[in-house]
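The values are calculated or read from the model by the stated rules, or taken from the named source; none is laboratory data. Just so you know, these numbers come straight off a predicted model, no measurement behind them. Neighbour counts are summed over all protein chains in view; Cβ atoms, including those assigned to glycine, are modelled from backbone coordinates with ideal geometry.
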Amino acid sequence: MRQEKIFKGKTVAILSGGGDTPAINSSIENIRNRALILGFKVYGIRQGWKGLLGEGDIVDLTNQPYNGLYGGTALCSSRTNPFPSEKNPEDRVPQIIANLKKYKVDVLITIGGDDTNGAAKRLYEREGIPVIGFPKTIDNDLRTKTIHTYNGKDIEAVLCPGFPTAALNVSNMTRHLRSTNESHQRVMVVEVMGRDAGWLTGSAIFGGAELALVPEYEMTAERKERFFETVKQRYQEKKNLIIAVSEGVRWWNEETQKLSMVYASSETDEYGHPRFGGVSGVIASEISTRLGIQARSQISGYYPRSGMCGEYDRQLTSSLADKVLDLLIREDYGKMPVMSKIVPTEQLEEYNTDTIDMGSIGNRPLQNDYYDSDSFTFTDAYVDFLTHILGKPYTSSFGYTFAKVNPNLL
Ligand code: F6P
């Protein structure tokens, strides 16, 4: 018996906005496949909100092959803000609404972080556009209300597609840097993306970083003193040290006597965000000068968010897409699928998913449970959180202590 697809004649359109991640194509493919099951026609909007301006830049994904394993986003991305901003005072919402009508889009699915989904939320609340949000950010700071149970305590954690693969990349990169750092007995300061949150920086400890600085805890003059003391001590213990640093760390500047951030450019995007880069160099140079220890900086830059989609992300995007299918069937809009708890890969299944109202979308920085600001380290709870995602931390080193030859005994 032939069954009619219930949403035949209806159209879903997907867009991705903001910084890319290795899991966006996987999200698009998984959402597209679920929507096809229901009979939707599926469009892709190119370059985020930008693809809904002017004439519109929209492609048909319905019957196209789609490689979800390839990182980044085949729909391309932008940081276009539909709402008036300092950089662009024009309200572009009317253009967006007109294009959604012109292309006969019935449901809009927005893959993004706080900016893209924040704009989608406003479109849903203000204009009644049927929107479903989908999380994405390597920074992992978009609130997903995912519970991590550690030693009997429930901690509100975050789990956004893109973070697992980026965390694996940061961990691997740090692990590789160990051998060169050990060989030269240096301090290596590894800089990791993360404007407002240190979730990704924490993954460097899985590759052997001993200390970490994150944006959530300002490095005031007093904390800086303590930090240098800690670096000196930890370096003495093994004569090499890796310190992971978030790009957005606020660092006390001796000259200006102010907390400052290090920018790669003076430009801001349409959401008002500056582009960071270089704080690791400042910190390494101060370590060399103040402690007389050779220090080097290494900016991980775009490497963590590049390359193929990892296994955890693949399964995560599949489970969250199952939840999208559910929302589509129920015509339940203004929601975003999330994992309800932190689980290992094999438990990334729909029964562990939930939805949150787009109204409660926002930033979720690291909490005290995960970072110990006195010792500049991530806690055991964080290690447990990340172990669910990456498996065991990798902390191998050359490992031999050779006996010194005494020429007098020869
Ligand atoms: O999307 C967030 C992010 O990964 C931040 O950590 C970083 O500051 C930003 O992207 C940089 O992205 P781009 O240089 O592509 O604008």
message: Can you report the number of residues in the stretch 375-410 which are in a loop (DSSP other than H, G, I, E, B), closer than 19 Å to L213 by Cβ and either among the small types (G, A, S) or without any contact (Cβ under 8 Å) to a residue 24 or more places away in the chain (or both)?
response: 2
- prompt: Residues G362, G307: which one is among the small types (G, A, S) and within 19 Å of M173 (Cα to Cα)?
  reply: G307
- request: Output the residue which, of all residues in the stretch 101-118 that are part of a loop (DSSP other than H, G, I, E, B) and more than 28 Å from the chain's Cα centre (by Cα), is farthest from the ligand (Cβ to nearest atom).
  value: K104
- request: Give the residues of the stretch 356-373 that are touching a residue at least 60 places away in the same chain (Cβ under 8 Å) and within 23 Å of R226 (Cβ to Cβ), sorted by residue number.
  value: P365, L366, Q367, D369, Y370, Y371, S373
- request: Name every residue in the stretch 64-100 that is closer than 21 Å to L38 by Cα and in a helix (DSSP H, G or I), in order of residue number.
  value: L100
field: Wholly within the stretch 250-332, strands (runs of 3 or more DSSP E) carrying at least 1 residues that are of a type in the set (K, R)
entry: 258-260, 274-276, 295-299
query: Among (1) modelled with pLDDT of 95 or more; (2) more than 26 Å from C160 (Cα to Cα), which single condition is S266 missing?
result: (1)
- prompt: Here are some residues: D60, D91. Which one is acidic (D, E) and either in contact with a strand residue (DSSP E or B) (Cβ under 8 Å, 6 or more places away or on another chain) or within 16 Å of the ligand (Cβ to nearest atom) (or both)?
  reply: D60
task: Return the residue satisfying two criteria in turn: it lies in the stretch 20-40 and is polar (S, T, N, Q) and out of contact with any helix residue (DSSP H, G or I) (no Cβ under 7 Å at 6 or more places or on another chain), and of such residues it is nearest to the ligand (Cβ to nearest atom).
output: N25
